[in-house]
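Take a look at the structure set out below.
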Amino acid sequence: MKLQTGLTAATIWASSAAVVFADHFGPLQQIKLGAKMVVYSSELLLLPIAVGLVLSYWSRRDAVVGFAAFFGGVILGFPFDYIFRVDVSWICLLLAICFGGMVALQVSLPVRVLQASLVFAGMNCAPLVELGRYFEQVSMLVVGNFVFSLFLVLFASYLVCVTLGRFSKQYWWIAIILRVLGSWVAAASIIIFSFQLSGLA
């Protein structure tokens, strides 16, 4: 956990210094930095994976609306955090626990309620790595690839789960895999959340 904290701190520092060192911090490095902000954050990996699991049970039309709701929330999250300056990483973990638990227990809420929760989830993803607090200093290449990397994680989770869902019609045991994935996401989120509560994260 200390290694992850150190990597996150270094990433935050580099993002705030991107404009200042623009001559020595080329476009390729800025693109890589945007991806690392997602890859090096357990919360940012777990929440989109959990969202992809949930969306895989929806119709294609509802899933598209779900994607739009989530990334609409991401865009709204930057100015929201820039104004209020709050740490919301624990909210991301709680949402991942809820979404993963819903899949594991096969519990479903009304689609409109879930769409609203996806907007809220996206808003909490955006400022998780402090991008919102230093938004005026961050290169758009960093921000753009940060959002794009979020999309890749979410879409990969959705695509894998949709594929498994289709095969589950022929092989009933594959449906259990989806529930196991949901339980793993929820369990990992609970473990990380407990570390944060104990001050070890």
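The values are calculated or read from the model by the stated rules, or taken from the named source; none is laboratory data. This is a predicted model, so every value here is computed, not measured. Every residue, glycine among them, receives a Cβ derived from its backbone with ideal geometry; neighbour counts consider all protein chains shown. In case anyone asks, the SASA skips ligands and DNA or RNA and just uses the protein heavy atoms, side chains included. Shrake-Rupley method; radii C 1.70, N 1.55, O 1.52, S 1.80 Å.
If only one of Ala50, Ala35, Ala63, Ala68 is aliphatic (A, V, I, L, M) and either closer than 15 Å to Val88 by Cα or without any contact (Cβ under 8 Å) to a residue 40 or more places away in the chain (or both), which one is it? Show your work before the answer.
On the way: Ala50 fails: either closer than 15 Å to Val88 by Cα or without any contact (Cβ under 8 Å) to a residue 40 or more places away in the chain (or both); Ala35 fails: either closer than 15 Å to Val88 by Cα or without any contact (Cβ under 8 Å) to a residue 40 or more places away in the chain (or both); Ala63 fails: either closer than 15 Å to Val88 by Cα or without any contact (Cβ under 8 Å) to a residue 40 or more places away in the chain (or both).
Criteria check complete, one pass: Ala68.
Every residue, every condition in (1) assigned to a helix (DSSP H, G or I); (2) farther than 18 Å from Ala63 by Cβ; (3) among the β-branched types (Val, Ile, Thr), yes or no:
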site	(1), (2), (3)
Val153	yes, no, yes
Cys161	yes, no, no
Gln170	no, yes, no
Ser183	yes, yes, no
Ser189	yes, yes, no
Ile192	yes, yes, yes
Leu197	yes, yes, no
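For Val39, indicate whether it is out of contact with any strand residue (DSSP E or B) (no Cβ under 7 Å at 6 or more places or on another chain), of a type outside the set (Phe, Trp, Tyr) and modelled with pLDDT of 90 or more.
Spelling it out, it is not the case that Val39 is out of contact with any strand residue (DSSP E or B) (no Cβ under 7 Å at 6 or more places or on another chain), of a type outside the set (Phe, Trp, Tyr) and modelled with pLDDT of 90 or more.
Residues of segment 31-47 that are surrounded by fewer than 24 Cβ atoms within 10 Å (Cβ to Cβ) and over 8 Å from the mean Cα position of the chain (by Cα): Ile31, Lys32, Leu33, Ala35, Lys36, Val39, Tyr40, Ser41, Ser42. Here Asp81 does not fit the description of being open to solvent by 20 Å² or more (accessible area, probe 1.4 Å) and modelled with pLDDT under 85. The residues listed here are Val119, Val153, Val162; of these, the one that is modelled with pLDDT of 90 or more and farther than 21 Å from Phe78 by Cβ is Val162.
Among the residues of segment 167-200, those that are of a type in the set (A, V, I, L, M, F, W, C) and under 18 Å from the mean Cα position of the chain (by Cα) comprise Leu181, Trp184, Val185, Ala186, Ala187, Ala188, Ile190, Ile191, Ile192, Phe193. Once segment 145-166 is narrowed to residues that are loosely packed, with under 14 Cβ neighbours inside 10 Å and over 15 Å from the mean Cα position of the chain (by Cα), the residue that is farthest from Ile49 (Cα to Cα) is Arg166.
Since Leu105 meets every condition but one in (1) surrounded by 15 or more Cβ atoms within 10 Å (Cβ to Cβ); (2) more than 14 Å from the chain's Cα centre (by Cα); (3) modelled with pLDDT of 85 or more, which condition does it not meet? The failed condition is (1). Taken over segment 165-201, the criterion of being in contact with a helix residue (DSSP H, G or I) (Cβ under 7 Å, 6 or more places away or on another chain) and basic (Lys, Arg) is satisfied by Arg179 alone.
In the set (1) more than 16 Å from the chain's Cα centre (by Cα); (2) more than 15 Å from Val147 (Cα to Cα), the condition left unmet by Ala50 is number (1).
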